[in-house]
1. What nm distance separates the two modelled labels at Arg4 and Ile293, each placed 7 Å from Cα along Cα→Cβ?
2. Within the chain, what whole-number % of the accessible surface is contributed by carbon and sulfur, with the 1.4 Å probe and all protein chains included in the calculation?
3. Would you mind calculating the gained length between Ser36 and Glu105 on full extension (0.36 nm times residue separation, minus the Cα-Cα distance), in nm to one decimal?
4. Could you work out the helix-only [θ] at 222 nm for the chain, with each DSSP H run of four or more residues adding -39,500 (n - 2.57) and the total divided by the number of residues, to the nearest 500 deg cm²/dmol?
5. Grab the Cα-Cα distance for Glu70 and Asp233, subtract it from 0.36 nm times how many residues apart they are, and report the gain in nm with one decimal.
6. Out of the chymotrypsin sites (Phe, Trp or Tyr not before Pro) in region 1-97, which ones are loop residues according to DSSP with at most 13 other C-beta atoms within 10 Å?
7. Which chymotrypsin sites (Phe, Trp or Tyr not before Pro) in region 253-358 sit in a loop by DSSP (not H, G, I, E or B) and have at most 16 other Cβ atoms within 10 Å of their own Cβ?
8. Test of the criteria: in region 23-109, which GluC sites (Glu not before Pro) are in a DSSP loop and have at most 11 other Cβ atoms within 10 angstrom of their Cβ?
Amino acid sequence: MVLRLRKSLYRLKQSSHVWYGTFKDFLISIGFVASSVNGGLFMLHGQEDHGIVVAAVILYIDDLLIFANEDLIGHIKDQMKKRFRMHDLGSVSFYLGMNMERNREHHTIDIHQHSYIRTILAKFRMDESRPVATPMAMKLHKRKPDDEACDPTIYPSMIGSLMYVMTATRHDFAYAIGGLSRYNHDQSNEHIVALKRVFRYFNGTKNWRLRFGGEAEGALRCYVDSDYAGCPDDYKSTSGLVITFGGAVDWRSGKQKSTAQSTTDVEYYAFGVGCMRLTQILHLLNELGIPTIPHVFSDSQSLIASIKNRIYRGTAVAHIATKFYLAADMARDGEIDLSYVPTAEMLADCFTRPLPKPAFLQQCAAMGMIGIGLGNGLGIGIGNGLGNGHGNGIGTGNGIRIAVGNQID
């Protein structure tokens, strides 16, 4: 006998898809529009406000945030309560493992993961380790045949515990995690020592947080950088980028997939990756009614001149040429503003190589990292460097948890 379910059951493969479709249809029925950039974002446009976004809802499984003024938030909640059984958690302070603290007087929002960091430090018995000022001191090599192999389980576990923090709130050790992750399959004692250094750095900076808003300017900026043949194992290059909008909103550090034949190829590739990411962010900002022209910075004057003049000087391979012409087209159409910045002021430098303490701390501060209560010689109150953020007219955020039992009713 074969039976057909009339509605989906919890934990079936189709359950998440059915739940998303149910919630999406409900929001559309009350006037929201789904974002074409991020499927978990829904926007409500005002009828008397020239179509600007007056409310937004962010959905992640059964956790959601509502952004609007107080009256509109209450109205949206009332409509949701008629359809779903839900718990109202009030003004958001914790979401998806991230703590959020809002200072209305100074117009700032801080996000951090202090409790999670303390948990993983205790888990791996590094909570009493001696702090260090930087997460990485030198580049690593692959394990030699005569080097003693280490426990194949503890190393990936330690790396994995740091990944969420690195992608969510702590851009300051992205390069270190990217470099150490290359040796998950075959690590030596040298790699374990380098990984423990990251935990020691964590122990000294566990109170750091990422700040948005404040008094500094909040223009959309993208910094793109790369090294050349920096990996000692296969001589591939590392690309780094950071995008700031009143604080760091996106950052990446990764080894390029192909071995570049020149510094020009490396720069074209890295710059193209930055423009690809900017394209997504620009589409999202346009949907939210925040049109802007980002400032893209490079420390290579020849690269900037080449893109502005549309003169391709790289190797004749498609994966590099396509990225070059993407950047050249965006510059020609006025979608980006190219500018030169000295290497000392290149914020993406820390995503391509280990930096000494003064330069490292300066770049962390410029990307919105705040040091609170540091007593390890790193300096009290690093400062936020950036800050002003941007006003989108959306307002207060409230956290709501939808009851799991009614996800698919």
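The values are calculated or read from the model by the stated rules, or taken from the named source; none is laboratory data. Small disclaimer: the values here were computed from a predicted structure and weren't measured. For neighbour counting, all protein chains shown are included, and Cβ atoms are generated from backbone atoms with ideal geometry for every residue, glycine included. Side chains included, ligands, DNA and RNA excluded: accessible areas come from the protein's heavy atoms. Shrake-Rupley method; radii C 1.70, N 1.55, O 1.52, S 1.80 Å.
1. Roughly 5.7 nm, to one decimal.
2. Carbon-and-sulfur percentage of accessible area, whole number: 53.
3. That pair, Ser36 and Glu105, stretches by 21.4 nm at full extension.
4. -10500 deg cm²/dmol
5. Going from the current span to full extension adds 53.1 nm.
6. Here the chymotrypsin sites (Phe, Trp or Tyr not before Pro) that fit, given the DSSP loop and packing criteria, are Tyr10.
7. Answer by residue number: Tyr312.
8. In loop regions of region 23-109 (DSSP not H, G, I, E or B), the sparsely surrounded GluC sites (Glu not before Pro) are Glu48, Glu105.
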